[in-house]
Every structure is written in structure tokens, then in C-alpha cells.
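K.L.:
One structure, pasted below without further comment.
The values are calculated or read from the model by the stated rules, or taken from the named source; none is laboratory data. In this text, all values refer to a predicted model and were calculated from it rather than measured experimentally. Every residue, glycine among them, receives a Cβ derived from its backbone with ideal geometry; neighbour counts consider all protein chains shown. The area values use the complete protein model at the heavy-atom level, side chains included, leaving out ligands, DNA and RNA. Shrake-Rupley method; radii C 1.70, N 1.55, O 1.52, S 1.80 Å.
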Amino acid sequence: MIRPLDAASSVELALVERSGVPESRHLGAAVLVDAEGAVVRELGDPSALVYPRSTLKLGQATAVELLGVV
């Protein structure tokens, strides 16, 4: 059964520090693939269901601009 990505199936992907003090930690999952699509490295649960929301905005904005909408 596919489950949504949660903290238990995530790993720390980024740590933001300010003056040497951890300010925020960013959890998630990631998959690195080569040019042929073969998995090179997995972090967290790569089969987890995700809801991309804001992560798609850059791609959507790029498409809108390339289409000449803005």
C-alpha cells in the first residue's frame, strides 16, 4: 500500500544555520537518477505519495512565460 510521506519515512535533506545555530531543518525524500533513469541514490522513502503543491510553481511559471502568457 502506498502511504503519504511523513516524518518517519523522511530524512533530513537540508539544515539552515544562523551564526552556527540550527535555525530550521527540512525533511523529505529524494531520488537521484542517471541519464538512463537508473536509480543512483535514494534518500528517505522514494515510493511514498507526495502532494507537490508549491514545488510545481516554478515549472508552471516557466511554462506560462514560454507560452507568452506574461
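K.L.:
Between GLU17 and LEU58, what's the calculated FRET efficiency when r is the beta-carbon distance and R0 is 22 Å? Round to 0.05.
P.N.:
0.30
K.L.:
Further question on the same structure: Can you tell me, using C-alpha contacts under 8 Å and at least 6 residues apart, the relative contact order of the chain as a whole percent?
P.N.:
Working: 80 pairs, mean separation 19.6, N = 70.
Worked out over the chain, it gives 28 percent.
K.L.:
Could you tell me the relative contact order of region 1-41? Use alpha-carbon pairs under 8 Å, at least six residues apart, and round to a whole percent.
P.N.:
Numbers: 44 pairs, mean separation 12.3, N = 41.
Over region 1-41, the number comes to 30 percent.
K.L.:
Which whole-number value in Å² is the accessible area per residue of the chain, probe 1.4 Å?
P.N.:
Averaged over the residues of the chain, the accessible area is 85 Å².
K.L.:
Given [x] 121; [y] 173; [z] 99, which label gives volume of the Cα convex hull per residue in Å³ as computed from the coordinates?
P.N.:
It is the one labelled [y].
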